[in-house]
1. With a 1.4 Å probe and all protein chains left in place, how much accessible area per residue does the range 149-205 have, in Å²?
2. Contour minus end-to-end for ARG155 and GLU118, with contour as 0.36 nm per residue of separation and end-to-end as the Cα-Cα distance?
3. Per residue, how big is the convex hull around the C-alpha atoms of the range 156-244? Give it to me in cubic angstrom, could you?
4. Between SER200 and GLU240, what is the label-point separation in nm under the 7 Å Cα-to-beta-carbon projection?
5. Set the Förster distance to 30 Å, then compute FRET efficiency between SER174 and HIS338 from the Cβ-Cβ distance, nearest 0.05.
6. Highest first, please rank the peptides 239-246, 269-276, 195-202 by the mean number of other Cβ atoms sitting within 10 Å of their residues.
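The values are calculated or read from the model by the stated rules, or taken from the named source; none is laboratory data. Remember, it's a predicted structure, so these values are computed and weren't measured experimentally. Cβ atoms come from the backbone with ideal geometry, glycine included; neighbour counts cover every protein chain shown. These accessible areas exclude ligands, DNA and RNA; they are computed on the full protein's heavy atoms, side chains included. Shrake-Rupley method; radii C 1.70, N 1.55, O 1.52, S 1.80 Å.
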Amino acid sequence: IAHIDFGSTDIDALFRFIEANPGLGSTYLNQWAVQLGSSPSTPPVLTTDMIFSEKIGACVSLKNLSSVDVSANHCPKPAGGQTDEAAPYVSFLLPLQNNAKIACTCVFALFKTLTEVEGAELIIVDDGSTVDMSPIVYLVRRLRFLFGFRTVMLRLPQTVGFGGALNYGAGHASGRFACFLNADTFVVPGWLHPLIATFSVFQRAAVVGPLFIGHGNLITEAGGYVYANAQAGNFMRGVEPNYEALYARRVNYISAACIVIRIDVFRHVGGFDEMYGRGYYEDTDLAMAVQSAGWDVIYQPLSIVYHQEGSSFGSDSPLKQYYMKVNRIRYYKKWREHLTKSVPHLTMTRGLSEPCTC
């Protein structure tokens, strides 16, 4: 897929097409891209005006979508895909706050890779948004209706922060593993299976995370480290991918922008500590709690996730700097004794950096 801009108009067009063609069922659609028109009254501009269906082996014109009848009698029933009858193996948890459009892109990219796991559910937690979040609600409802994708939509009346929102969502999770995703992360085919397989290779693994790639295709994180003074940072940050980043290993922590964790271990350690408020150091704290309980945190570079950092506070805002400083002090006070015994896994000599700007 070259580009998708998830405005309400173009996502309507996509689903009208699928609903009008029951024969497509839950087949994998590709080779299409939709760009939102210049105004609400302008029809979508199709950068590729055909949808190709592998199942029917034909291209179907999208030029007359506005005439499609989407009444109840013409809507197909879910065929295949994830269903409520299948117990989920992985629970995907996505916290949102005022970022519906970018979240739609995240969810759709995630949806296309769910064949990499036996069963899945998506739990979206709206952390007290103050703007219209209907696009993401519409998207997940349609995915559920058309493909049987198990979804849970939760809304908090007021903002509790990243950790608090995920704790609330985890209380509704029924999978063996929980995968936490930021709304500004974008997964690609092949990202999920290596993370799940790592738990079989590293028997003491409780948390596994990917190689994060950011703007300019540079590494934003290849695992994280923490010093005895609670200073934290990312291996290989700002470096082009190279052999030094491409082997799995134990690390001090991994950004919760994308991690997979054993749900039983997450609950055993009490989840995220909500004293960190809106963000920063809650993932570092969780990793320390997991390791203190005798488990390992593993970085797995065979999984690659793109992370558009700074969507919550900006790349270098005063508010971000405030939370980083305050929460570093909180973290140090809580884990002071453990930090003196915990030496960073400095198996790399390059790419040490300041904390993540996510």
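1. It amounts to 40 Å² per residue over the range 149-205.
2. Additional length available on full extension: 10.6 nm.
3. Cα-based convex hull of the range 156-244, divided per residue, equals 173 Å³.
4. 3.5 nm
5. 0.40
6. Highest-to-lowest ranking by the protection proxy: 269-276, 195-202, 239-246.
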